[in-house]
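Enquirer: Got a structure here, written out as structure tokens. Questions coming.
Quick note: the coordinates plus some simple rules give every number you see, no bench work behind them. The structure displayed is predicted, hence computed values, not measured ones. Every residue, glycine among them, receives a Cβ derived from its backbone with ideal geometry; neighbour counts consider all protein chains shown.
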């Protein structure tokens, strides 16, 4: 269980194709993981997720702790049963939401005091709290409770977060090993350090020394430029152990995925495909389109003629624009559906290219074709 | 084309099982028709509608005229192509929305002046306008442009609406026969008359004398009691021609469907299953449930253990309540999905009972079991 096999590697870039064994099945990497914040990947049904080849989805510990709460998920027999998803699940630690969503009140080495974004009630979060809740969720992959600092952050602030993240990783691991079931759940460590190379090196060394079955890169895609992200990934590529899966947290912008894969990353997650989808914005190989655009009103071609998803095989841009303009639920569904399939397929195509030995060509053609509207600095 | 065959009839009640032949397939009656106002049955995909055995859906001429408009639907080759629905479609005339939704300005025998509920722009609607727009939509069944008066209405007001509805039925028919294609589209007449038996008789006689391939009963389920509705249906049962399909417009409350079938009605449509579904309210054989109820938080049984739909076969009430409480799109989808399947199955079960010769027993057991929360007068 939790063995990671590298089945092919790109000698030029270091991109890898692998297999990660979990209790709910083997995950073929590189892989994109749709985010199911509240025990549902927004607008999608489990069978649609299977249809678009979602190998694994993500659940958010903080959100699920608030709604429906530990008691109900425990009674249901865990998150898989609760939401009727039989493939692997990864849960985050709740640490990210402390800094992004909840109203933070006080953070010490001991724990975090914050208020719920739903009803303002007080929460006390800690490594032990997170491990307990992730045990209840019963995810295949759990994450250490970490401190993700805001961007930009001073070196001093980022260093303190690195120190605390290591402290909490030790406590997460210790509690997890005695409280959770390491045969049924893998605990991944998280590397922090903002955009500072020295802190990233330190964090990677400290975290990997704790010997987790997988490692995540946290604190990227939080406002830094693409170039800064890639610079940090270049540093980490040579420090993080080759034989363990590497997970770049919160990254789902198409260019970032292929550039991440080129830097040895195996796993990605992001709300971008579904959040953009609900806003009628779609991704395709040429870039991003806002389907509310008037130019699509009389466009009877498929959304993306390269795509094999239900939305692209059955409906025209004209119809999809109509759904967007009228705010119909089917629009949110079809745009989310396509964006997830498109993003998942990027990872599938990269994997195929790695196995076939032509990943550098895939990377080149993808990045040339995709119009980057996201980051003018890059 | 448009032949209506009665294949079984209940000798006690007059309920009938039939087949109505349309260009997009044979409709087996009694039938419930989901409403696809804006070229989508809200929250559902076409393939899900097929899965729950939606034989025919309804489109709203007024809504589609406003968005996306005649030009785009014409370019798409009609409503079937536009929305990718290959089974029969019935379109209403737009007449109902004049009185329910648009801001009515002036109604004369010639036409109706009103303002769009979307942008306030002025519209001129008439029998000819409606036939033209329904030609563009290319529905299998088109409806005459009628005047549906509000409830309650004085006898005088209701009589004037009956007179105008007959006048407009003649103009609808005349224009339709020369402008539309009667081999590819059937035009149904509509009987009005509010809750006045004499007016219903008069309207039925006038409309049926025009010889349409089918007849609708309009102006019911607009605020009158169930008892009043049934009294009018009892009157019409003996006047409306046995050999033509009968369509009770806007009726979808489960008890009304079975009582309508018992009074010789063949077709029903209503937004109730989808509108209730989006509001987390579900129908089942025992009545209506609000799935936000706290009692469902720890209920791990299926939504409706008698139901064969995707929602009932895959998720618990606890999970569905969680989706309702968090406002997730999947909740709106699953509740709509179940409600539509439940309502369609009522018609299927009634048909089976009629064919098997036990419709009175079906009617009795359905009405005894279903808790009526809709109409205290009945």
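Enquirer: Please report the residue of chain A with the smallest beta-carbon distance to the A-to-B rotation axis, and give that distance in Å, no decimals.
Expert: That would be A:329, 3.
Enquirer: Still on this structure: Which of B:213, B:68, B:241 ends up with the largest GNM mean-square fluctuation for chain B, with Cα atoms connected below 10 Å?
Expert: Comparing B:213, B:68, B:241 in the GNM, the peak value goes to B:68.
Enquirer: Against the longest principal axis of chain A, how steep is helix A:329-356, in degrees 0 to 90 to the nearest 10, with axes from Cα atoms?
Expert: The angle comes out at about 80 degrees.
Enquirer: What is the calculated FRET efficiency for residue A:100 to residue A:174, with r their C-beta to C-beta distance and R₀ = 30 Å, to the nearest 0.05?
Expert: Result of the calculation: an efficiency of 0.70.
Enquirer: Going by the alpha-carbon gyration tensor, a ≥ b ≥ c the square roots of its eigenvalues, is the stretch B:241-378 rounded (a/c under 1.5) or, if a/c is not under 1.5, prolate (a/b greater than b/c) versus oblate?
Expert: In terms of gyration-tensor shape, prolate.
Enquirer: Another one. Starting from the Cα-Cα distance between residue A:156 and residue A:306, subtract it from 0.36 nm times their residue separation and give me the gain in nm to one decimal.
Expert: Contour length minus Cα-Cα distance gives 49.2 nm.
Enquirer: Sticking with the crude label model, points 7 Å out along Cα→Cβ, report the distance from residue B:243 to residue A:237 in nm, one decimal please.
Expert: Those two pseudo-labels are separated by 8.1 nm.
Enquirer: Here is a further query. Which angle between 0 and 90 degrees, to the nearest 10, do you get for helix B:155-179 versus the longest principal axis of chain B when only C-alpha atoms count?
Expert: So the helix axis and the longest Cα principal axis differ by about 80 degrees.
Enquirer: Let me ask you something else. Measuring from a point 7 Å out along Cα→Cβ, what nm distances, shortest first, does residue A:308 have to its partners in the other copies?
Expert: Once sorted, the set of distances for residue A:308 reads 3.1 nm.
Enquirer: Pairing the Cα long axis of helix B:359-369 with the longest principal axis of chain B, what angle in degrees results, from 0 to 90 and rounded to the nearest 10?
Expert: Once rounded, the angle reads 60 degrees.
Enquirer: Okay, moving on. State, to one decimal in nm and shortest first, how far the label point of residue B:105 sits from each corresponding label point in the other identical copies (label point: 7 angstrom along Cα-to-Cβ).
Expert: 5.9
Enquirer: Let me ask another. Quick one: of the DSSP bridges fully inside the stretch B:4-271, what percent are antiparallel, nearest 5?
Expert: 45
Enquirer: Another question, if that's okay. How far apart, in nanometres, would the label points at residue B:374 and residue A:197 be if each is projected 7 angstrom from Cα along the Cα-to-Cβ direction?
Expert: Here the answer is 7.1 nm between the modelled labels.
Enquirer: Rounded to whole Å and ordered largest first, report the semi-axes of the equivalent ellipsoid of the stretch B:4-271 derived from its Cα gyration tensor (root of 5λ).
Expert: Semi-axis lengths for the stretch B:4-271 are 25, 23, 17 Å.
Enquirer: Determine, for B:242, A:246, the number of other Cβ atoms within 10 Å of each Cβ, and report the residues in order from fewest to most.
Expert: B:242, A:246
Enquirer: Can you tell me the FRET efficiency between residue B:108 and residue B:209 if r is taken as the Cβ-Cβ distance and R0 is 25 Å, rounded to the nearest 0.05?
Expert: 0.55
Enquirer: Test of understanding: ordering B:129, A:168 by Cβ neighbours within 10 Å, fewest first, what list do you get?
Expert: Fewest to most other Cβ atoms nearby, the residues stand as B:129, A:168.
Enquirer: Suppose R0 equals 30 Å. What FRET efficiency, 1/(1 + (r/R0)^6) with r the Cβ-Cβ distance, do residue B:71 and residue A:348 give to the nearest 0.05?
Expert: Efficiency at R0 = 30 Å is approximately 0.15.
Enquirer: While we're looking at this one, here's another question. Taking the label point 7 Å from Cα in the Cβ direction, how far apart in nm is residue B:21 from each other copy of itself, listed shortest first?
Expert: 6.3
Enquirer: Here's a follow-up. Rounded, prolate or oblate for the protein assembly as shown? Axes are the square roots of the Cα gyration tensor eigenvalues, ordered a ≥ b ≥ c, and the cut-off for rounded is a/c under 1.5.
Expert: prolate
Enquirer: Then there is this: For the protein assembly as shown, give me the percentage of DSSP beta bridges that are antiparallel, rounded to the nearest 5 percent.
Expert: Here the share of antiparallel DSSP bridges comes out near 55 percent.
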